[in-house]
1. What is the number of the single condition among (1) surrounded by 19 or more Cβ atoms within 10 Å (Cβ to Cβ); (2) modelled with pLDDT under 85; (3) farther than 22 Å from residue 179 by Cα that residue 89 does not meet?
2. Which residues, counting only those in segment 162-181, are more than 18 Å from the chain's Cα centre (by Cα) and either modelled with pLDDT of 85 or more or closer than 15 Å to residue 43 by Cα (or both)?
């Protein structure tokens, strides 16, 4: 199983290490952002501006973390705790509670070879030419002198790419990007690791790769209300970081088969191990 960090598109934000000019450092990373893995080969997003601020009532205006040529991020491969560090920036010591990301392009490639892209206008953004995505930060992050904390942004791709005109992604003429993003503090969250397998018909368990997992608040059955998602690697393993403490029901789906494991406890800074066997 891979070491723990898109999580989902998932994006992680780290802050800290003050210096003599009363500034700290913001480091932007990206983590797990899975989509239905059995259908999707790759998912790319492009942004050209990212800012951070303290919210509408803050005395400090927005600070630019990145602005320039479009920055490409491959989302689908960042799963199971894999983190990509994007960049680091100095920012004033302050409490930050909101990010703004200007998304300017993207591309979604399916396993059957079909490609949806903003360049061809088959991948639709909420506004033509790009749009600003406002992301509230759950439990605002404090950048203070000599102190490090991290912020994890998780773009939930299974629910962010919506086929148009049909519910079948492979038959859609276009796909609309309707981003669902969570921002959490990793130091205040926990992790679930595990394995998805199925019986090979001869009494042996075999690994299930590219299964999609939904982490549901306990008792919630609607997959559209999942707290987060991820997918399995070829060996059937998965790791979902950045889960707020609580009790979850985990649903694994692959090729029409589904299994649910109820009552999985998540504790901050710890991890739980769960094994699921598809019918």
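1. Unmet condition: (1).
2. To start, the set of residues in segment 162-181 that are more than 18 Å from the chain's Cα centre (by Cα) comprises 163-175.
Hits for segment 162-181 are 163, 164, 169, 170, 171, 172, 173, 174, 175.
Here is a yes/no grid of residues against (1) surrounded by 13 or more Cβ atoms within 10 Å (Cβ to Cβ); (2) in the same structural domain as residue 40 (by TED's automatic domain parsing); (3) over 22 Å from the mean Cα position of the chain (by Cα):
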residue: 199; (1), (2), (3): no, no, yes
residue: 207; (1), (2), (3): yes, no, yes
residue: 219; (1), (2), (3): no, no, yes
residue: 224; (1), (2), (3): no, no, no
residue: 231; (1), (2), (3): yes, no, no
residue: 236; (1), (2), (3): yes, no, no
residue: 240; (1), (2), (3): yes, no, no
residue: 249; (1), (2), (3): yes, no, no
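The values are calculated or read from the model by the stated rules, or taken from the named source; none is laboratory data. No experiment lies behind these values; they were computed from the predicted model shown. Every residue, glycine among them, receives a Cβ derived from its backbone with ideal geometry; neighbour counts consider all protein chains shown.
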